[in-house]
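**Student:** One structure follows; several queries about it will come next.
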Amino acid sequence: MRSFVALFFATLAVCGTPLATTFAESTDNQSWTQVITQVKLNKEWFAYMEAQPRVGDDISRLERLLIRPAMGYNINPNIALYLGYAWTPTYMNNQYEENFRNENRVWEQILIKDSRWGLDWQHRIRQEQRMIQDAGGPSNRTRYLLRGSYALSDSGQYGLTGYNEIFVTLNSQPNGPQGGFDRDRFFFGPYFKQGPGRYEIGYLGEYAQRFNQDGGRYINAIMVAAILNF
């Protein structure tokens, strides 16, 4: 079992290694902070809120802010549906010049949980309709995330977690995203649980195509996340 766990996280690491920098025209060091709060309204329904500032340009200036509220519905303990809105403006362009660009999104999501081979799994499929300032029209994007968590204590209070997420844009827009592969994102690090919260800190790597320039960019980031359930 330990060999399988090691192989799983090694495979995730290969998917997200800085090998992608070979194809990137630029690299940036960033700091990402994510706070997610879920509040149970009754047996099936819950409210969701996420805030995520991202500091870029070698961790010196705010690059993007994500505010992502939603309503959720539990089909059963392992499957949940989400419908939400997101405000995700950027504050600087590809040349790291101050350039505010507004973006609004509508998003739908299904989250599936599973446990097997000694790991807790999450499959997350998210569909986004992106309304980006000065783009020719709405951009539609599909995202798939696979997460695995491995408890290092019998109580499950702490352990290791990793995920890989692939983004694909479904249509092209003038002065906006182009159809096809958009980005690949990888995370790996420890987690611990305390009270209503789960806390994670680790390395995040992301290779992204830039829709208003040729080539792409690779991000090395410190990711700190807090997931609170009430």
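**Student:** Report, by residue number, each residue of segment 139-174 that is surrounded by 17 or more Cβ atoms within 10 Å (Cβ to Cβ) and over 28 Å from ARG116 (Cα atoms).
**Tutor:** Once the filter is applied, which keeps residues that are surrounded by 17 or more Cβ atoms within 10 Å (Cβ to Cβ) and over 28 Å from ARG116 (Cα atoms), segment 139-174 yields SER139, ARG141, THR169, GLN173.
**Student:** In this structure, is LEU160 in contact with a His (Cβ under 7 Å, 6 or more places away or on another chain) and farther than 30 Å from GLN95 by Cβ?
**Tutor:** no
**Student:** Would you mind finding the one in GLY137, GLY148 that is of a type in the set (Gly, Ala, Ser) and closer than 23 Å to TRP87 by Cβ?
**Tutor:** Criteria check complete, one pass: GLY137.
**Student:** Check ARG183 against each of (1) in contact (Cβ under 8 Å) with a residue 40 or more places away in the chain; (2) crowded, with 17+ Cβ neighbours inside 10 Å; (3) outside any loop (DSSP other than H, G, I, E, B) and name the one condition it does not meet.
**Tutor:** Unmet for ARG183, out of (1) in contact (Cβ under 8 Å) with a residue 40 or more places away in the chain; (2) crowded, with 17+ Cβ neighbours inside 10 Å; (3) outside any loop (DSSP other than H, G, I, E, B): (1).
**Student:** Out of all the residues in segment 128-138, is one or more modelled with pLDDT of 95 or more and in contact with a Phe, Trp or Tyr (Cβ under 6 Å, 6 or more places away or on another chain)?
**Tutor:** Looking for residues that are modelled with pLDDT of 95 or more and in contact with a Phe, Trp or Tyr (Cβ under 6 Å, 6 or more places away or on another chain), one finds at least one in segment 128-138, hence yes.
**Student:** If you check PHE192 against the conditions, is it assigned to a strand (DSSP E or B), within 25 Å of ARG210 (Cα to Cα) and either of a type in the set (A, V, I, L, M, F, W, C) or in contact with a Gly (Cβ under 6 Å, 6 or more places away or on another chain) (or both)?
**Tutor:** Answer is no for this residue.
**Student:** Right, something else. Tally time: how many residues in segment 72-104 are closer than 20 Å to MET131 by Cα, not acidic (Asp, Glu) and not in a loop (DSSP other than H, G, I, E, B)?
**Tutor:** Going through segment 72-104 one residue at a time, the tally reaches 13.
**Student:** Answer yes or no as to whether ASP134 is surrounded by fewer than 17 Cβ atoms within 10 Å (Cβ to Cβ), free of Cβ contacts under 8 Å to residues at least 12 places away in the same chain and outside any strand (DSSP E or B).
**Tutor:** no
The values are calculated or read from the model by the stated rules, or taken from the named source; none is laboratory data. If you're wondering where the values come from, they're calculated on a predicted model, not measured in any experiment. Neighbour counts run over all protein chains shown; Cβ positions are idealised from the backbone, glycine included.
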